[in-house]
Amino acid sequence: METLDFGSLSFAYTKTDYRYVTNYADGRWDAGGLSRDADITLNESACVLHYCQACFEGMKAYRTKDGRVVCFRPELNEARMADSCRRMVMPVLPEGRFLEAVRQTVRANLSYLPPYGTGASLYLRPIMFGTTPLLGVKPAKEFQFRLFASPVGPYFGGSVRALKLRICDFDRAAPRGTGHIKAGLNYAMSLYAITDAHENGYDENVYLDPATRTCIEETGGANMLFVSKQGHLVVPASSSILPSITRRSLIQVAKDYLNLSVEERPVKLAEIGDFAECGLCGTAAVISPVGSIDDHGKIYSFEGFGPVIRKLRQTLTGIQMGDIPAPEGWLMEID
Ligand code: PLP
Ligand code: COI
């Protein structure tokens, strides 16, 4: 293994020693197991290469202060991946297989698990894709599920800073489309927009609801949170937003740990000037404070790392790293 400086990692791929691989053919999954091979050989006509029949997940494993290895709510990733598979006409893994893949992959790559206190973690990326060679538009009959690990640092680089966002002129999801699942095609849709955003000095795009373009949805890789001037947590609700596990966890943390009131409802673009704080949340983003949102020259500013976003971040990361007692079942321990 190359020498890794865990404290200065960015959110980027590092090849680790083992990944879990299982293949589906003739209506069933094979036994599956660990592989040292990070490369995949596909037929040139494999369904995924043309028609994007694929989905993925993202979660993190941590080393706690007392030396345990834990993964944060992986059964919710398992359930969301099953939802993605059903929507993408892909077979769901057999019961228990997803969590077994998590356990085996983490155990086999323990030397890549960042130590407690480095701010880094071991990112786990399950993927599934259709491998059948075909030409007509139809689902594959053969699939591969693969789960690999990569040690990562912060998604937006360096220390926590207030992000600069813009309202995006493109949509990432269609009404009644696939915005609510983790299909790779949603991210393909966003590549042009994120490249343009970066070229123009923005960290991320804020997507509006695709039907009316009057409500806030989410960014390309994270859900959004707002804090009202009264200190309430306001969370955009929409059927085309990805149901973030971090967002769902934060809502519970806000209510049960911080005694905050929480409103989950459509949030109008026209009202964002009324909010005191804004943040992005997700596995990769954790909770990243937002400093400003530019709507075609009209700038909405927020308290960068305000008190509520800060407290939410401290409490959630404390729970994830075992410093604060977690609600029952939130940490899967890997021995
Ligand atoms: N929204 C999008 C578009 C994402 O890609 C992600 C990342 O997974 C999230 C939200 C956050 O979801 P989670 O908290 O489950 O990681
Ligand atoms: C994650 O947070 O796990 C994601 O998949 C988001 C991605 C944009 C890195």
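We did not get these values from a lab; they are worked out from the coordinates using the rules stated. Keep in mind the model is a prediction, meaning the values are calculated, not measured. So basically every Cβ, Gly included, is an ideal-geometry build from the backbone, and we count neighbours across all protein chains shown.
Computed from point charges on the beta carbon alone (+1 for Lys and Arg, -1 for Asp and Glu), the dipole magnitude for the stretch 263-335 about its Cα centre is near 220 Debye. Taking Cα atoms, how many degrees apart are the long axis of helix 245-256 and the longest axis of the chain, rounded to 10 and kept between 0 and 90? For 245-256 against the chain, the angle is about 50 degrees.
Set the Cα radius of gyration of the stretch 1-62 against 2.2 N^0.38 Å, with N its number of residues, and you get 1.48.
Computed from label points 7 Å out along Cα-Cβ, the spacing between Val137 and Ala270 is 3.7 nm. Estimated from helices alone, the mean residue ellipticity of the chain at 222 nm is -6500 deg cm²/dmol (sum of -39500 (n - 2.57) over DSSP H runs with n ≥ 4, per residue). Between Ala31 and Leu191, the FRET efficiency estimated from the beta carbon spacing at R0 = 35 angstrom works out to 0.45. A simple count of charges around Lys65, restricted to other residues whose Cβ falls under 15 Å of its Cβ and scoring Lys, Arg +1 and Asp, Glu -1, yields -1.
With the alpha-carbon atoms of the stretch 224-300 aligned to their principal axes, the span from lowest to highest coordinate is 38, 27, 23 Å, starting with the largest. Both the radius of gyration and Dmax for the stretch 65-201 are 18.1, 55 Å, in that order, over alpha-carbon atoms.
Simple point charges give the picture: +1 on the Cβ of Lys and Arg, -1 on the Cβ of Asp and Glu, and for the chain a dipole about the Cα centre of about 300 debye.
Across the chain, the relative contact order, built from alpha-carbon pairs under 8 Å that are at least six residues apart, equals 20 percent. Here the relative contact order of the stretch 72-196, from alpha carbon pairs under 8 Å that lie six or more residues apart, stands at 24 percent.
Anisotropy class assigned to the stretch 1-131 is prolate, per the alpha carbon gyration tensor with a/c at or over the 1.5 cut-off and a/b larger than b/c. Along its three principal directions, the equivalent ellipsoid of the stretch 114-185 from the Cα gyration tensor extends over semi-axes of 32, 23, 8 Å, largest first.
Straight-line cross-link partners of Lys229 among the lysines, defined as a Cα under 19 Å from its Cα and at least 8 positions apart when in the same chain: Lys255, Lys268, Lys311.
Computed from backbone phi, the HN-Hα couplings of the stretch 229-241 come to 5, 7, x, 7, 8, 10, 10, x, 10, 6, 7, 10, 8 Hz, rounded to whole numbers (Karplus: 6.51 cos²θ - 1.76 cosθ + 1.60, θ = phi - 60°; Gly and Pro given as x). With contacts taken as Cα pairs under 8 Å at a separation of at least 6 residues, the stretch 265-330 carries a relative contact order of 24 percent. Which of rounded, prolate or oblate describes the chain when judged by the alpha-carbon gyration tensor and an a/c cut-off of 1.5? Oblate, because a/c is 1.5 or more while a/b does not exceed b/c.
Basic side chains Lys and Arg get +1 at the Cβ, acidic Asp and Glu get -1 at the Cβ, and with that the dipole of the stretch 166-279 about its Cα centre reaches some 360 debye. Between Ala82 and Ala38, the modelled labels are 3.2 nm apart [label points 7 Å from Cα along Cα→Cβ].
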